[in-house]
Amino acid sequence: MSQRDVRLAGSRSVLVELPDLDSVLGLSALLRTSPLPGQLDVLAAASTVFIKADCAANAQAIAKTVRTLELGSSAAATGSLITVPVHYDGEDLAEVARLTSLSPEAVINAHSQQTWRAAFGGFAPGFAYLRGENQLLNVPRRATPRKAVPAGAVALAGEYSAVYPRQSPGGWQLIGHTDAVLWDLERENPALIRPQDRVQFIPSRAALTVADAPAAEPAPDTERPASSAAQLEILDPGLQSLIQDAGRPGLGDLGVSTAGWADAISAAQANRLVGNQPGAAVIENLLGTLTLRARGDAVLAVSGACATVNITPVEGDDFHEFRQIPMDTPFALLDGELLALTPNGAGLRSYLGVRGGFDVPQVLGSRSSDSMSGIGPAPLRAGQLLPVGEVSGLQVVGNPEPSPLPVPDEHGVFTLRITPGPREDWFGAPGLARLAGQLWKASADSNRVGVRLELGQDDARPLERVRAGELASEGVALGSLQVPPSGLPVLFLADHPVTGGYPVIAAVVDEDLPAAAQLPPGSLIRFELTSHPGTRTPVKESRA
């Protein structure tokens, strides 16, 4: 009998828990070969398959359908055979020999004389969890993780082996290194090893030199000719200014999150006001602090966090005067004029749209900047010239609109609606009641990855688990409330990791995620439990 546990994770994702890795690989391969309607991404993990859908209705339909799918096995010959030369000189080689009761030479033989299979990815772009043919090298992680594991390090942990694609923290046992480049955006397929590939490690007699990881992304090419007459020159990017669009869906199995704008409603409004298509790239600016100059005439709009929008004319221009522009309305910025944003009230992130969008290079099909994976344009810098895209077709500039910012209640508290799960059973009914029954506060230690929460009232208490043990890493949805051992939840935003190892007690509904992205540090938050159809109760199915 094969058992599967199907749970909705947030509004648009489904988590399927399976009894073993073979079942995981079988379902993952089936969904990639025959995608379900509305399926955007499939992310396999040690015991789960995480499926992202394009809307709540399709997520619910996927949850129903996946319960009835007949699972075969993922064919052993699926994927490509990748050979990776390794110099076995790792710092932990002797420790692995001690843990396995093998000699160092026998460890090398055991590692190189079996074929490893890429079961799943997720830790970082290009990082693949490789499962071997036997358990000879099943060793625990280090008791104390290293702060920096070099790029190219070949490592072991549990029943898996892996190669670190770039320098990053890590607790795996290091047995060697390779010069093979695991992640390269210049390749048609950036990841050298993709899920379902087979990997053969080849001992190298020559000493290898570990190469630095390739640049995660090409910086915006400010030297190339603009695609239109207009450019915007960044004079002061403020605290943080990023190019963002709708992001990169469908690359979770390679360790790449969707990313994109944090507040989709405000970004869409900025594009709508200047007459752009919905996915055009905009500037996402932190706390409304930005100064730029027009090189050519342009049409702009500012939405999101409240800012004072001032335009200073070109010195010596007797026909135009200093003027202040209202938020959420389109306006012209003429050649040479200076635009300055200064914070003025509510909200955290302002969005500046320009008619034609920002024509910076795409990386993996998107112009968005992803702080977690390091992919996409670098944060904007003083002196940078941003080319404005050409306007094609008949696109009408919009009329002024009301602000989309969230409004607190009379006590200054913002309410975010949540649906339980997928791991609310780790906290039980008392945990959910505490989550929704007390106030929380947005910490100053928050960013585009997530909003870290603190206790928001004197009698508030952290969440407590009712289950012992640890959760294996699994896919996580945008808006998830992941709970680390501290009991203080983290609300995942646009740049969240594609997998997480702490249980997710609930998720903010899609409609309230833009509001969550606009809450500055110190904001008081109340979570309100709601139950959209099909999102409430995990269902276990036993199938032959």
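When only the Cβ of Lys, Arg, Asp and Glu is charged (+1, +1, -1, -1), the dipole of the chain relative to its Cα centre reaches about 1560 debye. Take each peptide in 102-112, 472-482, count the other Cβ atoms within 10 Å of every residue, and average; sorted highest first, the result is 472-482, 102-112. Each peptide among 354-367, 410-423 gets the average number of other Cβ atoms lying within 10 Å of its residues, and from highest to lowest they stand as 354-367, 410-423. Taking only protein heavy atoms into account and a 1.4 Å probe, give the accessible area per residue of the chain in Å². On a per-residue basis, 42 Å². For the range 430-446, the Karplus equation 6.51 cos²θ - 1.76 cosθ + 1.60, evaluated at θ = phi - 60°, returns couplings of x, x, 4, 5, 5, 4, 8, x, 9, 8, 10, 10, 6, 7, 5, 8, 10 Hz by residue, with Gly and Pro reported as x. Close amide-amide hydrogen proximity is noted between Phe120 and Tyr129, each under 5 Å apart and 5 or more residues distant or on a separate chain (H modeled in the peptide plane; Pro and chain starts excluded). Heavy-atom surface analysis with a 1.4 Å probe gives the chain a carbon and sulfur content of 52 percent of its accessible area.
Projecting the Cα atoms of Leu235, Ser303, Thr33 onto the charge dipole of the chain (Cβ charges, centred on the Cα centre) puts Thr33 farthest toward the positive pole. When each of the peptides 135-143, 432-440, 176-184, 38-46 is scored by the mean number of other C-beta atoms lying within 10 Å of its residues, the order from highest to lowest reads 38-46, 176-184, 432-440, 135-143. When the chain is described by a simple charge dipole with +1 on each Lys and Arg Cβ and -1 on each Asp and Glu Cβ, the residue from Pro520, Ala382, Ala259 located farthest towards its positive end is Ala259. The largest-to-smallest principal axis extents of the Cα set in the range 1-144 are 55, 35, 32 Å.
Database remark: amide H of Val309 closer than 5 angstrom to the amide H of Ile325 (H placed geometrically; neighbours at sequence offset of 5 or more, or on other chains; Pro and chain starts carry no H).
Amide H contacts of Thr115 (H built 1.01 Å from N, in plane; Pro and chain starts excluded): Glu133 sit under 5 Å, all sequence-distant by 5 or more or on other chains. How about Lys64: which aspartates and glutamates have a C-alpha closer than 18 Å to its C-alpha, ignoring those fewer than 8 places off in the same chain? Partners within reach: Asp5, Glu17, Asp41, Asp54, Glu541. Note down the net charge around Arg349, summing +1 for each Lys or Arg and -1 for each Asp or Glu among other residues with Cβ under 15 Å from its Cβ. Overall, the nearby charge balance is -4.
For the range 417-532, with the dipole built from +1 on Lys and Arg beta-carbon atoms and -1 on Asp and Glu ones, taken about the Cα centre, which of Phe492, Ile505, Ala477 lies farthest toward the positive end? Of the candidates, Ile505 comes out farthest on the positive side. Whole-Hz Karplus values for the range 169-181 come out as x, x, x, 7, 7, 8, 10, x, 8, 9, 8, 4, 8 Hz, taken residue by residue from phi with 6.51 cos²θ - 1.76 cosθ + 1.60 and θ = phi - 60°; glycine and proline positions read x.
Looking at the P(r) of the chain, how many percent of alpha-carbon pairs lie beyond 32 Å? So the pairs more than 32 Å apart make up 49 percent of the total in the chain. Backbone phi angles across the range 326-341, fed through the Karplus curve with coefficients 6.51, -1.76 and 1.60 (θ = phi - 60°), yield HN-Hα couplings of x, 5, 6, 8, x, 8, 9, 10, 7, 3, x, 6, 10, 10, 10, 9 Hz in residue order; Gly and Pro are listed as x.
If the chain linking Ile202 and Asn138 were pulled fully straight, counting 0.36 nm for each residue of separation and taking away their Cα-Cα distance, it would gain 21.1 nm. Treating r as the C-beta distance of Gln457 and Asn344 and R0 as 35 Å, the FRET efficiency rounds to 0.75.
The values are calculated or read from the model by the stated rules, or taken from the named source; none is laboratory data. Because the structure is a prediction, the values reported are computed rather than measured. Note that we place each Cβ from the backbone using ideal geometry, even for glycine, and neighbour counts take in every protein chain shown. Ligands, DNA and RNA are stripped out before the accessible areas are found, and what is left, the full protein with its side chains, is counted by its heavy atoms. Shrake-Rupley method; radii C 1.70, N 1.55, O 1.52, S 1.80 Å.
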